[in-house]
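Laboratory data are not the source of any read-out in this text; all were calculated from the coordinates shown. Predicted model, so just to flag it, every value in this text is computed and none were measured. Here the Cβ positions follow ideal geometry from the backbone for every residue, glycine too, while neighbour counts run over all protein chains shown.
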Amino acid sequence: DSGVTQTPKHLITATGQRVTLRCSPRSGDLSVYWYQQSLDQGLQFLIHYYNGEERAKGNILERFSAQQFPDLHSELNLSSLELGDSALYFCASSVAGPRGPYGYTFGSGTRLTVV
Amino acid sequence: GEDVEQSLFLSVREGDSSVINCTYTDSSSTYLYWYKQEPGAGLQLLTYIFSNMDMKQDQRLTVLLNKKDKHLSLRIADTQTGDSAIYFCAAPYNQGGKLIFGQGTELSVKP
């Protein structure tokens, strides 16, 4: 157990629907990062939150949004889902940014299948 | 722009050494990382190297860094079948705002 908890582990939904993925960071970590892993795109950075504030945005679609709550857990909302959104979505956490020797701690991911 | 590149596949025999290579673009990266992903699992931090080091050894793992060429490598000595996984190198980008990962190298170890 890495200490980063992601729920649900698997999600199957239809095109056009909306889903919410949840992440609880490791105790003491203030930063949460979301990544999308697909076969053709590899591991793509989506968004970074630090202590409730958005710090960096990557290749995140407008249909996707995220937030980090006062208790530091984070949610990634995916709407108007398309077949191409099927992927593994990872959350990672760190104390601050990846400047120290520990990098990120990853959760085990949510596998999203859009049918 | 930001980029981290790796070769996609490597196949070795059990007991041989494996060398996985990586190049990155952001010269301000302070720490560089290697992660391991086993099937159906998340990414696990394997090792890291500080940018002012040339080499770091950790049991069977050796990390070499050529900062001038922005080239990073991971050597696994005496590779075992349990080492079969996807290995990602990663570099912080934009002064630590995010970690950029390579495409991952799938290591296959044959008995």
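A cut-off under 11 angstrom between Cβ atoms defines the neighbours of A:C23, and their net charge, with Lys, Arg +1 and Asp, Glu -1, is 0.
Candidates A:A66, A:G42, A:G52 compared by Cα position along the dipole of segment A:1-68: farthest toward the positive end lies A:A66, with charges placed on Cβ.
Evaluating 6.51 cos²θ - 1.76 cosθ + 1.60 at θ = phi - 60° for every residue in segment B:58-65, the Karplus couplings come out as 9, 6, 7, 9, 10, 10, 10, 10 Hz, glycine and proline recorded as x. Mind jotting down the distance between the C-alpha centroids of segment B:32-58 and segment B:61-111, whole Å? The distance from the Cα centre of segment B:61-111 to that of segment B:32-58 comes to 6 Å. Entry note, chain B: relative contact order of 38 percent, from Cα contacts under 8 Å with a spacing of 6+ residues. For chain B, modelled as a GNM whose springs connect Cα atoms under 10 angstrom apart, the maximal fluctuation among B:A90, B:A41, B:A77 occurs at B:A41. Summing Lys and Arg as +1 and Asp and Glu as -1 over all other residues whose Cβ lies under 13 Å from the Cβ of A:P8 gives a net charge of +2. Close Lys pairs in the protein assembly as shown (alpha-carbon distance under 29 Å; sequence gap of 8 or more, or different chains): 22.
Counted by neighbouring Cβ atoms within 10 Å, the residues A:I47, B:I49, A:I12, A:I60 run from fewest to most as A:I12, A:I60, B:I49, A:I47. Approximating the spin labels as points 7 Å out from Cα along Cα→Cβ, the A:H73-to-A:V115 distance works out to 2.7 nm. Look at B:I76, B:I20 and count the other Cβ atoms within 10 Å of each Cβ; fewest to most, that gives B:I20, B:I76. About the centre of its Cα atoms, chain B shows a dipole size close to 160 debye [charges on the beta carbon of Lys, Arg (+1) and Asp, Glu (-1) only; nearest 20 debye].
Just how large is the dipole of the protein assembly as shown about the Cα centre, in debye to the nearest 20, putting +1 at every Lys and Arg Cβ and -1 at every Asp and Glu Cβ?
For the protein assembly as shown, the charge dipole is close to 180 debye.
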